[in-house]
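These notes concern the structure reproduced below.
The values are calculated or read from the model by the stated rules, or taken from the named source; none is laboratory data. Given the structure is predicted, the values throughout are model-derived calculations rather than measurements. Neighbour counts are summed over all protein chains in view; Cβ atoms, including those assigned to glycine, are modelled from backbone coordinates with ideal geometry.
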Amino acid sequence: MRFCFVSTRRGSHFMTELLLALSDACADAGHGVELAFNAFPPLDDETVYVAIPHEFYAHGDPAGLPDAPQRARTIVLCTENPGTPWFDQTLELVTQFATAVSINRSSAAALQRRGIPCAHLQLGYVPSWDTWQRDETVPRPIDVLYLGAADPRRDPLLPGIRHALSARECQFLVPPLEVRTAPRPDFITGVDKYHRLRSARVLLNLHRTTSRAFEWMRFLEAICNGCVVVSEPSLDSEPLIPGEHFLVADVEHLASAVDRLLDDPTHLRELRERAYDFIRRELSMAPAAERLTELAAELLA
């Protein structure tokens, strides 16, 4: 079996990183994989496409849009959550394709309520994201790291949080809400991002717009690099457990929760190691590859 993961160079690099992680998992499962950009390659008898529809239709080459036979051989990967405009865009497109999976249970359930079959695809540990390797000798000069694009909900909250944490060594990287195709001072990608997470004790997480869904990629990237996430309460965090693998607090208490955690290095280390060990042992990406393989076999049949 061969998978072709279709991305776009003009869209979000974040999405390409997700497709690369799934591509690696499928390769580890023994399948042929290809990463294509901007256009769907010609159809053959063995290939199944995987694409993020709202991302590709917004930023792909119009000449490279999939035709009907290609759409009938495509697994749609839904990455957005109810309550956001990107989910609405996904909703408009997903019925054109053969089948769908979502990285969040709430998104899968929302699509199912609208009569669209959608399976949940559980993300897990990604070896290429892990630049820490549980090495407790790695220095962490950054107390608090924040990586979140500008957002009408989050932006008004940040000044108060910054002020409350002013005694800490903080880095708040807030790129504008526009397509970011390349790294910039407020937007880091790939190994640079993983190294920054490896250099931080805590990653602060805020929800955007009206979504309360669990930001799986952001959490897993942090945990892979030993950076403890402190977040607002989220939906769909299972099998990760609040208080065991990350901390939660209402938005008005986030800064104080971070302060208390930084003042307790033993607790910080326990959270860091417990979360890392859990995803290494219990949350492999292999089941995601198995799910894609099952769906691909149905499409090829």
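Brief remarks on what is shown
- Restricted to region 70-88, and to residues there that are under 18 Å from the mean Cα position of the chain (by Cα) and part of a helix (DSSP H, G or I), the residue that is surrounded by the fewest Cβ atoms within 10 Å (Cβ to Cβ) is Pro85.
- Taken over region 25-36, residues that are assigned to a helix (DSSP H, G or I) and crowded, with 18+ Cβ neighbours inside 10 Å amount to 2.
- Pick from region 213-250, criterion among the polar types (S, T, N, Q) and outside any strand (DSSP E or B), ranking: surrounded by the fewest Cβ atoms within 10 Å (Cβ to Cβ): Ser237
- Residue within region 186-194 that is of a type outside the set (D, E, K, R) and closer than 22 Å to Leu247 by Cα present: yes
- Residue match in region 234-247 (condition: of a type outside the set (S, T, N, Q), farther than 25 Å from Cys26 by Cβ and within 15 Å of the chain's Cα centre (by Cα)): yes
- Selection within region 284-301: residues that are among the aliphatic types (A, V, I, L, M) and outside any helix (DSSP H, G or I). The member of this set that is surrounded by the fewest Cβ atoms within 10 Å (Cβ to Cβ) is Ala301.
- Scanning region 89-131 for residues that are assigned to a loop (DSSP other than H, G, I, E, B), hydrophobic (A, V, I, L, M, F, W, C) and farther than 17 Å from Leu19 by Cα yields Phe97, Ala98, Ile116, Cys118.
- Any hit, region 90-101, residues being over 21 Å from Ala296 (Cβ atoms) and more than 17 Å from the chain's Cα centre (by Cα): yes
- The set of residues in region 153-175 that are over 14 Å from Leu262 (Cβ atoms) and assigned to a loop (DSSP other than H, G, I, E, B) comprises Arg153, Arg154, Val174, Pro175.
- Of all residues in region 54-69, those satisfying the criterion of being outside any loop (DSSP other than H, G, I, E, B), out of contact with any Phe, Trp or Tyr (no Cβ under 7 Å at 6 or more places or on another chain) and not hydrophobic (A, V, I, L, M, F, W, C) are Glu55, Tyr57, His59, Pro62, Pro69.
- From Arg140, Arg168, residue being modelled with pLDDT of 90 or more and either among the polar types (S, T, N, Q) or out of contact with any Leu (no Cβ under 8 Å at 6 or more places or on another chain) (or both): Arg140
- Candidates Arg184, Arg281, Arg201, filtered to the one that is basic (Lys, Arg) and surrounded by 14 or more Cβ atoms within 10 Å (Cβ to Cβ): Arg201
- Extreme residue, surrounded by the fewest Cβ atoms within 10 Å (Cβ to Cβ), among residues of region 37-63 that are over 13 Å from Ser12 (Cβ atoms) and under 19 Å from the mean Cα position of the chain (by Cα): Val50
- Residues (surrounded by fewer than 20 Cβ atoms within 10 Å (Cβ to Cβ) and hydroxyl-bearing (Ser, Thr, Tyr)) located in region 107-141: Ser128, Thr131, Thr137
- Screening Thr210 against (1) within 19 Å of Val126 (Cβ to Cβ); (2) touching a residue at least 40 places away in the same chain (Cβ under 8 Å); (3) within 20 Å of the chain's Cα centre (by Cα); (4) surrounded by fewer than 16 Cβ atoms within 10 Å (Cβ to Cβ) leaves a single unmet condition, (1).
- Of the residues making up region 94-105, those that are within 22 Å of Glu215 (Cα to Cα) and either free of Cβ contacts under 8 Å to residues at least 40 places away in the same chain or surrounded by 19 or more Cβ atoms within 10 Å (Cβ to Cβ) (or both) are Val94, Ala100, Val101, Ser102, Ile103, Asn104.
- Any hit, region 251-269, residues being under 30 Å from Cys26 (Cα atoms) and surrounded by 19 or more Cβ atoms within 10 Å (Cβ to Cβ): no
- Within region 39-67, tally of residues that are at pLDDT 90 or above and charged (D, E, K, R): 4
- Met1 passes every criterion in (1) over 19 Å from the mean Cα position of the chain (by Cα); (2) free of Cβ contacts under 8 Å to residues at least 60 places away in the same chain apart from (2).
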